[in-house]
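Novice: Provided herewith is a single structure, encoded as structure tokens, for subsequent inquiry.
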Amino acid sequence: MAAEITAPPYRVIPIIPSIKPGAMEGLKPFVASDKIQEALGFPGELVEDWEERAIAKMGELLKKYRSLKVYLDACVHCGACSDKCHYFIGTQDPKNMPVARQDLLRSVYRRYFTIPGKLFPKLVGARDLTREVLDEWYSYYHQCSECRRCSVFCPYGIDTAEVTMAAREILDSVGYGQKYANEIIGKVHKIGNNLGLPGPALTDTLEGLEEDVKEDTGIDIRFPLDVKGAEVLLITPSADFFAEPHIDSLVGYAKVFHAAGISWTLSSKASEGGNFGLFIGSYDQLRQIALRIREAALELGVKRIVVGECGHAWRVAYSFWNTLTGIGDGADPNDRFAIQLQKQLDQRYKQPSHICEVTWDLIQKQAITLDPEANDHYVVTFHDSCNVARASRMGDMPGGQFEIPRNIIRAAANKFVDMNEATIMEKTFCCGGGGGLLTDDLMDLRVKGALPRMEALKEVVEKDGVNFMAAICAICKTQFTKVLPYYGFNMRMIGGVHQLVSNAIRLGDK
Amino acid sequence: MSVLFAVVFYVAALCLVGGVGYRIYDYARTPAPLVIPTTPAPTTKGGVALRITREVVFFESLFKGSLWTWGFAMLFHGGLALVLMRHLRYFTEPVWGWVDLVQPFGIYAGMVMAVGLLGLWGRRLFVDRVRYISTPSDHLMLALLILIAISGLSMKFLDHVDIIGVKAFFLGLMAFDWQPLPSTNGLLYVHLSLVATLMIIFPFSKLLHAPGLFFSPTRVMPDNPREKRHIAPWAAKMEVEK
Ligand code: HEM
Ligand code: HEM
Ligand code: SF4
Ligand code: SF4
């Protein structure tokens, strides 16, 4: 497998590719073992009566999720979304067109849940749920990064990510889960983070980091762990603790807190910002993982919760934490933990806040000072991460999620250019590795899916000499580090926004 | 013949109103457990109302998505809207004032609608991506609408019908006081049969896109999750259990 992975050629002018049926047929990420499955309460292997159970599950989800129900009915096959998916652009497989991806599930929905589909299946494109269809689901619902780009262009806002999540939930419920995502969720429950980094190792890592930063700057910058009574609890993706270039952003957060004199702490219990419950569409997992953070916040008695650079973590934190854990408003009166948390947190701040909101606020209040000259060796561009761009917000105004990170970059570096406007902000392209696809067994897909972003990057590299692409997502950073070389770029071109902040921030005199 | 059409239209109307009504009820009772607007999104209900208005009137998202489709879609839906308004004169007595005002445009609207439909069909036939996703029913739906438009236009320009009689028939239906349908003209029967078909399939087909838009969580939810807690009844139960 590994040897043949190559990047697709750049398109001459970004024209819409023609379709190549079957191009990615049969691509399958590793299936979860029985151990992994059972740890999450899913059947260990494909159950015997999978057909019945899958249909029953679909019926259940149709009652629980308005999105699914409306989206399966409403699509008019207009095709506006058909050329919007980076996986379609990169692979040309027509089943990677968002509408065709939905149709894999929709065809079965029609057959079992609608009158025309029961009477005239051929006419309305309805299909029985056969083993081939199930395998097709497994394959193509693991070729979607749930990035929601398609939903921007659909006249009804049909969000293929919702359909993908439902499909994955059905697959899990019949014992046909994906190894990568489900294994990671198991690790969060057992160890506290996605990477399976146990507490003592975390302590070591942070101590090592303090020494490194001291060597670099001559200043004692702390990376506190489990400090009771700290003001801020920082929840960040575990990749920030040791992966490159993620760690440079962690140093950036620490310097910001240091310079502003804010006491902060990490938690060994909730040493993970990521929440893969989102990717597999499981409300229950989403909630359980979110509750770990609530517990940690209560134990440590913090006043604020701040989330580090991670796209889907920010979506979950911003859009879902309040729903899942009652962190801000309107908790069930019987839910004493939620009530206690609301009392404990300082509601003058947005709860939770994104680290970019915190940093930008401090810059505006002149509580920290940046010297942009420190980044003069960089010409910077910014990759909007999909979950931040299309599924959350920062600040008070819609679109703050685009402005605030760019404002920080402009404050931290003198040279900044944006990529082609059809590829940024709400129209941003996924890095190609989101949504639970960041695994080596999908490398071919990941490389191909990065094509549109790489094309946009190439344009500004050639035109403006860009040599640094900033992002605020751990998955984006990992994905680009792997994928950039396939397209002839240096893997160190990718880095965090707070990496730039880290270079530019003035320490000591504040 | 009059009796047959009377029965058919009662059935069709029942199907349309009952079917769409049930769908709306069904959408409305299904909870949306998580806050999932496609952002940047308005943060208030007023903002959401504006967003939906822009979607309904201008097809804002489609405009971003595909200019060609948007153009034909606007022609078709704009024409359709005018035609339907013009048709109100068969069902109201006295005819409402603003319906009178629409009359002169209505004539062209029928043609515009047909052009839009042909454009959309062309896309379906000649763009490989759209052809790939089309099912037979997608083609039939377009054929049905085009035939309705052609039969209607033919009555206008080729072979006139007794409009007064048609009106009397439908007013009669609505008042349960049956009148004969004018029988001079086969085109009218064609037009009416096709329209009845359309009404019957509406609640079972992708025509549900019209009510669906108003229930699409990515478009109708305000972006305020940090300020306001949003929780579905089935999800709230999980909290009590704990
Ligand atoms: C709230 C009202 C409505 C809105 C906002 C709306 C919007 C849209 C949009 C955006 C499209 C996609 C673009 C296209 O393919 O034309 C579409 C398609 C379509 N609409 Fe509507 N529509 C509405 C009402 C209706 C009604 C009442 C009919 C019934 C006759 C209808 C029939 C269709 C058909 C047949 C298509 C598919 C065209 C094709 O095959 O390409 N629409 N609509
Ligand atoms: C029960 C419902 C309907 C009745 C009684 C009806 C009747 C008629 C009549 C009598 C005409 C001829 C007008 C003239 O000669 O001036 C006509 C024209 C037309 N009809 Fe209908 N029709 C109905 C529903 C529809 C629907 C649902 C559509 C579209 C989807 C439609 C589309 C047209 C068009 C495009 C024309 C030609 C342009 C115009 O005169 O406005 N009709 N219809
Ligand atoms: S959500 Fe993203 S990855 Fe999935 S179909 Fe839509 S555009 Fe493609
Ligand atoms: S844009 Fe929306 S309605 Fe059009 S084909 Fe795609 S999902 Fe269906």
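Novice: Kindly establish whether B:VAL57 is within 10 Å of ligand 1 (Cβ to nearest atom), β-branched (Val, Ile, Thr), modelled with pLDDT of 95 or more and closer than 25 Å to A:ARG390 by Cβ.
Specialist: Numbers: within 10 Å of ligand 1 (Cβ to nearest atom): yes; β-branched (Val, Ile, Thr): yes; modelled with pLDDT of 95 or more: yes; closer than 25 Å to A:ARG390 by Cβ: yes.
Here the answer is yes, as B:VAL57 does meet what is asked.
Novice: If you go through the range B:191-226, how many residues are more than 16 Å from ligand 3 (Cβ to nearest atom), at the interface with chain A (Cβ under 7 Å from one of its Cβ atoms) and free of Cβ contacts under 8 Å to residues at least 12 places away in the same chain?
Specialist: Matching residues across the range B:191-226 total 2.
Novice: Something else about it: Which number in (1) more than 10 Å from ligand 2 (Cβ to nearest atom); (2) surrounded by 18 or more Cβ atoms within 10 Å (Cβ to Cβ); (3) not polar (S, T, N, Q) marks the one condition that B:LEU173 misses?
Specialist: For B:LEU173, the exception is condition (1).
Novice: If you go through the range B:23-54, how many residues are over 25 Å from the mean Cα position of the chain (by Cα) and more than 7 Å from chain A (Cβ to nearest Cβ)?
Specialist: Looking only at that region, the number is 1.
Novice: In addition: Count, please, the residues in the range A:59-80 that happen to be crowded, with 23+ Cβ neighbours inside 10 Å and away from ligand 4 (no atom under 15 Å from the Cβ).
Specialist: Qualifying residue count for the region: 2.
The rows are residues; the columns are (1) surrounded by 24 or more Cβ atoms within 10 Å (Cβ to Cβ); (2) within 30 Å of B:CYS15 (Cβ to Cβ).
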{"position": "A:SER82", "(1), (2)": "yes, no"}
{"position": "A:VAL99", "(1), (2)": "yes, yes"}
{"position": "A:SER107", "(1), (2)": "no, yes"}
{"position": "A:ARG111", "(1), (2)": "no, yes"}
{"position": "A:GLY125", "(1), (2)": "no, yes"}
{"position": "A:LEU129", "(1), (2)": "no, yes"}
{"position": "A:CYS150", "(1), (2)": "yes, no"}
{"position": "A:THR160", "(1), (2)": "yes, no"}
{"position": "A:VAL174", "(1), (2)": "no, no"}
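Novice: Across the range B:129-176, what is the number of residues that are of a type in the set (S, T, N, Q), in a helix (DSSP H, G or I) and within 14 Å of chain A (Cβ to nearest Cβ)? Walk me through how you get there before you give the answer.
Specialist: To start, the set of residues in the range B:129-176 that are of a type in the set (S, T, N, Q) comprises B:134-135, B:137, B:151, B:154.
Okay, now just the ones that are also in a helix (DSSP H, G or I), so B:137, B:151, B:154.
Those still in the list that are within 14 Å of chain A (Cβ to nearest Cβ) too: B:137.
Adding up the residues that qualify gives 1.
Novice: Something else about it: Anything in the range A:422-448 that is hydroxyl-bearing (Ser, Thr, Tyr) and either away from chain B (no Cβ under 14 Å) or assigned to a helix (DSSP H, G or I) (or both)? List them, or say none.
Specialist: Selection gives A:THR423, A:THR439.
Novice: Same structure again: Check whether at least one residue in the range A:370-390 is farther than 25 Å from A:ILE247 by Cα, in the same structural domain as A:ASP464 (by TED's automatic domain parsing) and either buried (at least 17 other Cβ atoms within 10 Å of the Cβ) or touching a residue at least 40 places away in the same chain (Cβ under 8 Å) (or both), and report yes or no.
Specialist: Taking every residue of the range A:370-390 in turn, at least one turns out to be farther than 25 Å from A:ILE247 by Cα, in the same structural domain as A:ASP464 (by TED's automatic domain parsing) and either buried (at least 17 other Cβ atoms within 10 Å of the Cβ) or touching a residue at least 40 places away in the same chain (Cβ under 8 Å) (or both).
Novice: Could you say whether any residue in the range B:156-170 is modelled with pLDDT of 90 or more, within 16 Å of ligand 1 (Cβ to nearest atom) and not hydroxyl-bearing (Ser, Thr, Tyr)?
Specialist: No; the residues of the range B:156-170 include none that is modelled with pLDDT of 90 or more, within 16 Å of ligand 1 (Cβ to nearest atom) and not hydroxyl-bearing (Ser, Thr, Tyr).
Novice: For the condition under 30 Å from A:ALA317 (Cα atoms) and within 16 Å of ligand 4 (Cβ to nearest atom), what is the one hit in B:LYS64, B:LYS45?
Specialist: Matching residue, one of B:LYS64, B:LYS45: B:LYS64.
Novice: Among the residues of the range B:63-81, which ones are within 16 Å of ligand 3 (Cβ to nearest atom) and either closer than 26 Å to B:ALA149 by Cβ or touching a Lys or Arg at 6+ places or on another chain (Cβ under 7 Å) (or both)? Working first, answer last.
Specialist: So the first thing to find is which residues in the range B:63-81 are within 16 Å of ligand 3 (Cβ to nearest atom), and the list is B:64-66.
Within the range B:63-81, B:GLY65, B:SER66 meet the criteria.
Novice: Residues to consider are A:VAL152, A:VAL188; find the one that is modelled with pLDDT of 95 or more and either within 16 Å of ligand 2 (Cβ to nearest atom) or not assigned by TED's automatic domain parsing to the domain that holds A:ALA391 (or both).
Specialist: A:VAL152
Novice: With the requirement that a residue be within 16 Å of ligand 4 (Cβ to nearest atom) and outside any loop (DSSP other than H, G, I, E, B), what does the range A:157-179 give you? Reasoning before the result, please.
Specialist: Taking the range A:157-179 first, the residues within 16 Å of ligand 4 (Cβ to nearest atom) are A:157-167.
Of everything in the range A:157-179, those that are within 16 Å of ligand 4 (Cβ to nearest atom) and outside any loop (DSSP other than H, G, I, E, B) turn out to be A:THR160, A:ALA161, A:GLU162, A:VAL163, A:THR164, A:MET165, A:ALA166, A:ALA167.
Novice: For the range A:157-182, name all the residues that are of a type in the set (Gly, Ala, Ser) and within 14 Å of another protein chain (Cβ to nearest Cβ). Let's see the steps before the verdict.
Specialist: Of all residues in the range A:157-182, those of a type in the set (Gly, Ala, Ser) come to A:157, A:161, A:166-167, A:173, A:175, A:177, A:181.
Matches in the range A:157-182: A:GLY157, A:ALA161, A:ALA166.
Conditions tested, residue by residue: (1) hydroxyl-bearing (Ser, Thr, Tyr); (2) modelled with pLDDT under 90.
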| residue | (1), (2) |
| --- | --- |
| A:THR323 | yes, no |
| A:ASP332 | no, yes |
| A:HIS354 | no, no |
| A:LEU362 | no, no |
| A:LYS365 | no, no |
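Novice: Could you tell me which numbered condition B:LEU188 fails, if it satisfies all but one of (1) in contact (Cβ under 8 Å) with a residue 60 or more places away in the chain; (2) under 30 Å from A:LEU119 (Cα atoms); (3) more than 18 Å from the chain's Cα centre (by Cα)?
Specialist: Exception for B:LEU188: condition (1).
Novice: Going by what's in this entry, would B:GLY119 be described as in contact (Cβ under 8 Å) with a residue 40 or more places away in the chain, within 14 Å of another protein chain (Cβ to nearest Cβ), more than 16 Å from ligand 3 (Cβ to nearest atom) and small (Gly, Ala, Ser)?
Specialist: yes
Novice: Please indicate, with yes or no, whether at least one residue in the range A:180-197 is within 24 Å of the chain's Cα centre (by Cα) and within 16 Å of ligand 4 (Cβ to nearest atom).
Specialist: Of the range A:180-197, the ones within 24 Å of the chain's Cα centre (by Cα) are A:180-197.
Keeping just the survivors that are within 16 Å of ligand 4 (Cβ to nearest atom) gives none.
Among the residues of the range A:180-197, not one is within 24 Å of the chain's Cα centre (by Cα) and within 16 Å of ligand 4 (Cβ to nearest atom), which makes the answer no.
Novice: Find the residue count for the range A:118-156, including only residues that are touching a residue at least 40 places away in the same chain (Cβ under 8 Å), within 11 Å of chain B (Cβ to nearest Cβ) and part of a helix (DSSP H, G or I).
Specialist: Looking only at that region, the number is 5.
Novice: I've got another one for you. Could you tell me which of the residues A:MET419, A:MET394 is part of a loop (DSSP other than H, G, I, E, B), within 14 Å of chain B (Cβ to nearest Cβ), touching a residue at least 40 places away in the same chain (Cβ under 8 Å) and buried (at least 18 other Cβ atoms within 10 Å of the Cβ)?
Specialist: Residue meeting the stated conditions: A:MET394.
Novice: If you don't mind, there's one more thing I want to ask. All but one of (1) closer than 30 Å to A:THR323 by Cβ; (2) of a type in the set (A, V, I, L, M); (3) exposed (fewer than 14 other Cβ atoms within 10 Å of the Cβ) hold for B:LEU14; state the number of the condition that does not hold.
Specialist: Failing condition for B:LEU14: (1).
Novice: Filter the helices (runs of 4 or more DSSP H) completely within the range B:31-95 down to those with at least 1 residues that are surrounded by fewer than 16 Cβ atoms within 10 Å (Cβ to Cβ). Before you say what the answer is, go through the steps one by one.
Specialist: On the way: elements: B:45-58, B:60-65, B:67-87.
So the answer is B:45-58, B:67-87.
Novice: Right, here's the next one. Which residues, counting only those in the range A:74-93, are away from ligand 2 (no atom under 16 Å from the Cβ) and under 29 Å from B:PHE202 (Cβ atoms)?
Specialist: Matches in the range A:74-93: A:ALA74, A:CYS75, A:HIS77, A:CYS78, A:GLY79, A:ALA80, A:CYS81, A:SER82, A:LYS84.
Novice: I've got another one for you. Restricting the search to the range A:81-117, which residues are away from ligand 4 (no atom under 14 Å from the Cβ), within 11 Å of another protein chain (Cβ to nearest Cβ) and of a type in the set (A, V, I, L, M, F, W, C)?
Specialist: Within the range A:81-117, A:ILE115 is the sole residue that qualifies.
The values are calculated or read from the model by the stated rules, or taken from the named source; none is laboratory data. Predicted model only: the values in this text are computed from it and were never measured. Counting neighbours? That spans all protein chains shown, and the Cβs are built from the backbone with ideal geometry, glycine included.
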